[in-house]
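The values are calculated or read from the model by the stated rules, or taken from the named source; none is laboratory data. In this text the structure is predicted, and so the values were computed from the model without any measurement. As a convention, Cβ positions derive from the backbone with ideal geometry for all residues, glycine included, and neighbour counts pool all protein chains shown. For accessibility, only protein heavy atoms count, side chains too; no ligands or nucleic acids. Shrake-Rupley method; radii C 1.70, N 1.55, O 1.52, S 1.80 Å.
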Amino acid sequence: MHDTHTQITAEQFAAQTSAILTSIGEVIDGKADAVRNALVCLLAEGHLLIEDVPGVGKTMLARALAGSVDATVRRIQFTPDLLPGDVTGVSVYNPVDRQFEFKRGAVFAQIVIADEINRSSPKTQSALLEAMEEGQVTVDGQTHPLPEPFLVVATQNPLEMEGTYALPEAQRDRFMMRISMGYPDAEAEALMLRQRDSVNPLDAIAPVADAAAVAQLIGWARAVHVSPAVEEYAVSLSQATRNDPGLHLGASPRATLQLVRAAKVWAALDGREFVIPDDLTDLLVPVFAHRLLPARGVHRAGTQPVETALNQIIERVRVPLAARF
């Protein structure tokens, strides 16, 4: 993708992103953090994993994002009998031309909603890996590029629920962020009952940006400045997870890279052209938590050992001085 940073101003970036956030917010009541994180993933060229119980609006958030930016969207319902070819596509023999033709799978869209991703087998889940990492699909030795921008929004039910498979570590590491929607507060839930009895709020969404505008926003965010001191701070946070006695598996180098990418968008959304340490700490739990594993014996009922360890790391790791970023 070309660097389109020169084509828009800070004011245009703010106006465009604010319009997208407002548009999604009209459908997703009272979930400003989840909405902002979804936009950060799109503009940081990452992927989003939404983990929560059924019925709290996970798919609605993905559809609202797709409707607000004029993007192609496909939804894949992951089930135990879903095959890898259903996701990526298959080669089909054409008897007239006497050659194989590639029939595109559901992953060929700019925003792919992978619903209940942990209900299908690990083999089918892994069909998404190449697409998420490299923006392409290889079938029978032929490589097919995916459209840009490309965002996978996956939803999954908590592991305790019946019929779920744990996502492999390599798959979880491909997601830039994992967020939880949480239940709506009483006011938002009552409002939803009044509004949605007669009308689907998604019908009212009109795109406020197209793929070219999203490419410009991505280019703008990519050009946000990260000083060496802030880079060192990001590395220190990652290394602290690898040395933490409460964690069995620490953050990968990919996690560090994605933390910095997400922080650039976070800074840009706050109207800054440089990243500050607070951007990294604000994003540390959503970007790191799903990649880490607690050490054996650390898990106690009612506690979240990984989030606790990350919050302790934020307290412990030295923050660079303001003069250096």
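Of note:
- Filtering the range 208-238 to residues that are open to solvent by 20 Å² or more (accessible area, probe 1.4 Å) and in a strand (DSSP E or B) leaves 210, 225.
- Residue 77 more than 27 Å from residue 289 (Cβ to Cβ) and open to solvent by 60 Å² or more (accessible area, probe 1.4 Å): no
- Qualifying residue in the range 121-136 (condition: outside any helix (DSSP H, G or I) and surrounded by 22 or more Cβ atoms within 10 Å (Cβ to Cβ)): no
- Between 252, 227, the distinction of being polar (S, T, N, Q) and touching a helix residue (DSSP H, G or I) at 6+ places or on another chain (Cβ under 6 Å) belongs to 252 only.
- Flag for residue 53 being open to solvent by 20 Å² or more (accessible area, probe 1.4 Å), outside any helix (DSSP H, G or I), more than 28 Å from residue 139 (Cα to Cα) and not small (Gly, Ala, Ser): yes
- Condition met for residue 305 (at pLDDT below 90, surrounded by 15 or more Cβ atoms within 10 Å (Cβ to Cβ) and touching a His at 6+ places or on another chain (Cβ under 9 Å)): yes
- Out of 199, 208, 214, one residue alone is among the hydrophobic types (A, V, I, L, M, F, W, C) and modelled with pLDDT under 75. It is 199.
- Residue match in the range 188-204 (condition: within 21 Å of the chain's Cα centre (by Cα) and among the aliphatic types (A, V, I, L, M)): yes
- Residue that is modelled with the highest pLDDT [pool: residues in the range 283-299 that are open to solvent by 10 Å² or more (accessible area, probe 1.4 Å) and small (Gly, Ala, Ser)]: 295
- Unique residue being at pLDDT 90 or above, closer than 16 Å to residue 209 by Cα and in contact with a helix residue (DSSP H, G or I) (Cβ under 6 Å, 6 or more places away or on another chain) when the list is 43, 48: 43
- Figure legend. Inter-residue proximity from the range 169-196: first residues on the phi > 0 side of the Ramachandran plot, second residues part of a helix (DSSP H, G or I) and at pLDDT 75 or above, beta-carbon distance below 9 Å, spacing 6+ or different chains. Indicated pairs: 182/34.
- Counted residues, the range 73-99 - those being in a loop (DSSP other than H, G, I, E, B) and over 13 Å from residue 126 (Cβ atoms): 7
- Per-region count, the range 56-74, residues open to solvent by 80 Å² or more (accessible area, probe 1.4 Å) and under 22 Å from residue 156 (Cβ atoms): 2
- Qualifying residue in the range 157-175 (condition: under 15 Å from residue 62 (Cα atoms) and either in contact with a strand residue (DSSP E or B) (Cβ under 6 Å, 6 or more places away or on another chain) or modelled with pLDDT under 85 (or both)): yes
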